[in-house]
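Dropping the structure in here first, questions after.
The values are calculated or read from the model by the stated rules, or taken from the named source; none is laboratory data. Source: prediction; values computed, not measured. Because the Cβ atoms are built from the backbone with ideal geometry, glycine has one as well, and the counts that use them run over all protein chains shown. The accessibility values were calculated without ligands, DNA or RNA, using every heavy atom of the protein model including side chains. Shrake-Rupley method; radii C 1.70, N 1.55, O 1.52, S 1.80 Å.
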Amino acid sequence: MERNFHQQTHFVGVSLPEDVACKIREFRSYMNERYGCKSGHGTDPHITLIPPFLLPDDYNDGDVKSAVEDALQKAVKSGTLPFNARISGFGAFEERTLFAHVESDERWTKLRDFFTQSFQANLPGSVRKSSKIFTPHVTVANRDIPAGIMDEALRFFSNMDFHAEFSVEEIAIFKRTSRGGWGAIDLFRMVLK
C-alpha cells in the first residue's frame, strides 16, 4: 500500500550547524518572497538520511531512538563517522525540488545504509531501502515551486557562490506535529576528539 505524505510520522536527518542553517533559511525566505514557496520552511534545515515514514502501531518514539543509536554506534565503529561535509552551490530535482548541493562522499551512502539497515532490523516494516541513488542535499524549496521558474531560481542562486563546510556530528529525529509540520524530538550529538 502506498502511503501518502500526511500519514508519515517520522524521519531522520543530519542537523546543520546554526550558521549554515541560517543561510539556508535566508535562501528559503527568498523563494517564499519571490515565488510564494512555503513547503518545508517550518522544518529545520537538514540532510535527510531516512525519509518520512509511517511508524507502525507496534512501535513508539523510544524504538525510533534505539534504531538511531544502533546506527550511530555502527557508523562510529566502522570509522564512517565523524567526517567533514561540504555544501557547494545549488541543484534541482527536475522542477520539484531546489536544493543546496552536498558534495559527493562515499561516507554519505555508508551512513544512510547504516540507518536503513538499523531501521529494517529494529523497526520491521517502517522503511525500505530506496532503489534510487542517494543524493544528500539541503532542501531550499520543494513541492510548491511554480511551474517554469526553476532555471530562473537556479541562475539567481548560482550567483550566490555559496560554500560551507561542517562536521557531521548531530543527528535528529523529526516527528510530525499536530499542525502538520515537522519538529525535532531528539538530537544525538557525537563527542569528537
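I want to check the label-to-label distance for ARG189 and ASP61. Put each point 7 Å from Cα in the C-beta direction and report it in nm to one decimal.
It works out to 1.9 nm between the two label points.
Only sites in a loop by DSSP and with at most 10 other Cβ atoms within 10 Å count here; which GluC sites (Glu not before Pro) in the stretch 1-85 make the cut? Each step should come with its number before you reach the end.
On the way: sites: GLU2, GLU18, GLU26, GLU33, GLU69; in loops: GLU2.
Passing both the DSSP loop test and the Cβ count: GLU2.
Moving on. Taking 7 Å along the Cα-to-C-beta vector as the label spot, tell me the ASP19-GLU106 distance in nanometres, rounded to one decimal.
3.0
Something else: Local charge sum around SER78 (other residues, Cβ-Cβ under 10 Å, Lys/Arg +1, Asp/Glu -1)? Please list the in-between numbers first.
Details: positive: LYS74, LYS77, ARG107, LYS110; negative: none.
Result for the local shell: +4.
List, in order, the whole-Hz ³J(HN,Hα) value for each residue of the stretch 58-66 obtained from phi through the Karplus relation with A = 6.51, B = -1.76, C = 1.60 and θ = phi - 60°; use x for Gly and Pro.
Working through the residues one at a time gives 6, 10, 9, 4, x, 5, 5, 4, 4 Hz.
Now a separate question. For the stretch 1-91, count the residues as N, evaluate 2.2 N^0.38 Å, and divide the Cα radius of gyration by that value, please. Don't skip to the end; give the middle numbers.
Details: Rg = 16.2 Å, N = 91, 2.2 N^0.38 = 12.2 Å.
That works out to 1.33 for the stretch 1-91.
Tell me the carbon and sulfur percent of the accessible area for the stretch 1-130, rounded to whole percent, probe radius 1.4 Å.
Numbers: 3050 of 6730 Å².
Answer for the stretch 1-130 is 45 percent, counting heavy atoms of protein chains only.
Which residue, VAL138, VAL76, VAL20, tops the fluctuation ranking in a GNM of the chain built on C-alpha contacts under 10 Å?
Among VAL138, VAL76, VAL20, the largest GNM mean-square fluctuation belongs to VAL76.
Where the only charges are on Cβ atoms (+1 Lys, Arg; -1 Asp, Glu), what is the dipole of the chain about its Cα centre, to the nearest 20 debye?
Details: 24 positive and 26 negative charges, 40 e Å.
That gives the chain a dipole magnitude of about 200 debye.
Give me the percent relative contact order of the stretch 81-133, please, defined on Cα pairs under 8 angstrom at least 6 residues apart. Display every interim value, and only then the final one.
On the way: 35 pairs, mean separation 12.6, N = 53.
Once divided by the residue count of the stretch 81-133, the mean separation gives 24 percent.
Right, next: For Cα pairs less than 8 Å apart in space and 6+ apart in sequence, what is the mean separation divided by the residue count of the chain, i.e. the relative contact order in percent?
On the way: 325 pairs, mean separation 61.7, N = 193.
Here the relative contact order equals 32 percent.
Roughly how many Å is it from the Cα centre of the stretch 41-104 to that of the stretch 122-193, as a whole number?
7
ALA147: net charge of surrounding residues, Cβ under 14 Å, Lys/Arg +1, Asp/Glu -1, itself excluded? It would help to have the intermediate numbers written out before the result.
Working: positive: ARG96, ARG143; negative: GLU94, GLU95, ASP144, ASP151, GLU152.
Residues close to ALA147 contribute a combined charge of -3.
At 1.4 Å probe radius, can you tell me the per residue accessible area of the chain in Å²? Mind showing how you got there, number by number?
Working: 10550 Å² over 193 residues.
On a per-residue basis, the chain sits at 55 Å².
Two-decimal Rg/Rh of the chain from alpha-carbon positions, Kirkwood Rh?
Ratio of gyration radius to Kirkwood radius: 0.95.
Sum up the charges of everything whose Cβ sits under 13 Å from the Cβ of GLY62, counting Lys and Arg as +1 and Asp and Glu as -1, but leave GLY62 out. Intermediate results must be reported in sequence, preceding the final value.
On the way: positive: LYS65, LYS175; negative: ASP58, ASP61, ASP63, GLU69, ASP70, ASP186.
Summing Lys/Arg as +1 and Asp/Glu as -1 gives -4.
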